[in-house]
There are 2 protein chains.
Amino acid sequence: MSAARQSPVPAPLSKARLRLWLRLLKATGEVEAELRRRLRAEFDTTLPRFDVMAALARAPEGLRMSEISERLRVSNGNITGIVDRLVQEGLALRVAVPGDRRAMVARLTPKGQEVFAEQATAHEQWVDHLLAGLDGDDLASMAAQLDRLTGHIRKECD
Amino acid sequence: MSAARQSPVPAPLSKARLRLWLRLLKATGEVEAELRRRLRAEFDTTLPRFDVMAALARAPEGLRMSEISERLRVSNGNITGIVDRLVQEGLALRVAVPGDRRAMVARLTPKGQEVFAEQATAHEQWVDHLLAGLDGDDLASMAAQLDRLTGHIRKECD
DNA sequence: GTTTGAAATTTCAAGCCTAAACTAAAATTC
DNA sequence: GAATTTTAGTTTAGGCTTGAAATTTCAAAC
């Protein structure tokens, strides 16, 4: 009738990991939701569009469709649609690739560059304010932990 | 021409916060993507369906549509569709609420409970393995940091 | 009791997302 | 150089997501 354990403890770490995962999901989701809200409210755009424009902004020569989908880790067909809409709004262009008639390069228009520059500035500030609860030490230790996490996952999932 | 600063440094913290945000997004996204993959591969289901079933599993009496959408923080119309599909698969039921002819309660069927129990066990193990890169100290410090983060956000966004 | 306003849910339009099928154009192999 | 395979991209079907409109019912005020 004592409190002695009958079997090796099944690692409460497992429960702690699940709880941390839920917290991680919650925190990330809240920040992301707020960023989406503001992108919508301030610039009438979306996070996926912003992400594609961010990728294009770093590549003045433009990026092939497949390069965009690799960098953003989303499917190929997805990019087709998002670039369609950017083109339709005059923010991006599709350019044929000289040597390869299968390939297309997407590139920001001057208007697209201008619009993105504004959005990027605001975005950086928003993130700064939203994460203001974390000081320098937090940032450093969390960065290390997240690196451990992603490092482990890469092993876990081959 | 010296390296003297002309103005108060614009806080490199802001850049560090942006970089941390990207890391957070990446780590969370990778874990989430892997969980989705496995839910699909092992149980032919999706994360949203799993989340709804998890909410219902904690409420044997069932939950009103609006209660589900509040707990999961997704829109009302969204839940309609997900519950539709759960019902169609025989995992959940819609029950009329006696006192209020507007309201509906969703509840797991016995089959739904059974199916979910299996999924939940696997899910907990998956998370444990995916987060195995974090030890007890990591979990504790990260939990505290994430709480600071969400605490601050709640103030930031009213 | 009727009107008015609020609440619970569904429906709808639009966008995001994926996996799989499809098309067209290389690149390789024989 | 013709056949095969690979690669780039789009299309399609199905599901998730939201915000806004529409429905039905309830509650409150009158």
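The values are calculated or read from the model by the stated rules, or taken from the named source; none is laboratory data. The structure displayed is predicted, hence computed values, not measured ones. Don't worry about glycine lacking a Cβ; one is built from the backbone with ideal geometry, like all the others, and counts go over all protein chains shown. Quick note on the areas: whole protein, heavy atoms, side chains included, nothing else; ligands and nucleic acids left out. Shrake-Rupley method; radii C 1.70, N 1.55, O 1.52, S 1.80 Å.
Data table
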quantity: Long-range HN-HN contacts of B:Met104 with modeled amide H, under 5 Å; calculated: B:Met65
quantity: Over chain A: helical MRE at 222 nm, DSSP H runs n ≥ 4 each giving -39500 (n - 2.57), nearest 500; calculated: -22500 deg cm²/dmol
quantity: Buried area at the A-B interface (accessible, heavy atoms, 1.4 Å probe, summed, Å²); calculated: 5100
quantity: With every protein chain in place, chain A: carbon and sulfur % of accessible area (1.4 Å); calculated: 52
quantity: The range B:34-131: relative contact order as a whole-number percent, Cα under 8 Å and 6+ apart; calculated: 29
quantity: Accessible-area value, A:Arg36, 1.4 Å probe, nucleic acids and ligands omitted, Å²; calculated: 110
quantity: Under Karplus coefficients 6.51, -1.76 and 1.60, residue-wise ³J(HN,Hα) of the range B:22-30 in Hz, glycine/proline x; calculated: 5, 5, 4, 4, 5, 4, 4, x, 5
quantity: From phi via Karplus (6.51, -1.76, 1.60), per-residue ³J(HN,Hα) for the range B:36-46 in Hz, x at Gly/Pro; calculated: 4, 4, 6, 4, 5, 5, 8, 10, 6, 9, 10
quantity: Selected from A:Gly112, A:Gly90, A:Gly99 as most flexible by GNM, with chain A as the system and alpha-carbon contacts under 10 Å; calculated: A:Gly99
quantity: For A:Arg36, label point 7 Å along C-beta direction: distances to other copies, nm; calculated: 1.2
quantity: Residue-by-residue Karplus 3J(HN,Hα) for the range B:133-141, coefficients 6.51, -1.76, 1.60, Hz, glycine and proline x; calculated: x, 10, 8, x, 5, 4, 4, 5, 6
quantity: Degrees between helix A:76-88 axis and first principal axis of chain A (Cα, 0 to 90, nearest 10); calculated: 50
quantity: Built amide H within the under 5 Å cut-off of A:Thr45, gap 5+; calculated: A:Arg40
quantity: Average accessible surface area per residue within the range B:34-131, 1.4 Å rolling probe, Å²; calculated: 58
quantity: Solvent-accessible surface (1.4 angstrom probe) belonging to B:Ile68, in square angstrom, nearest 10; calculated: 0
quantity: Tilt relative to chain A, helix A:110-130 - C-alpha long axis, 0 to 90 degrees, to 10; calculated: 20
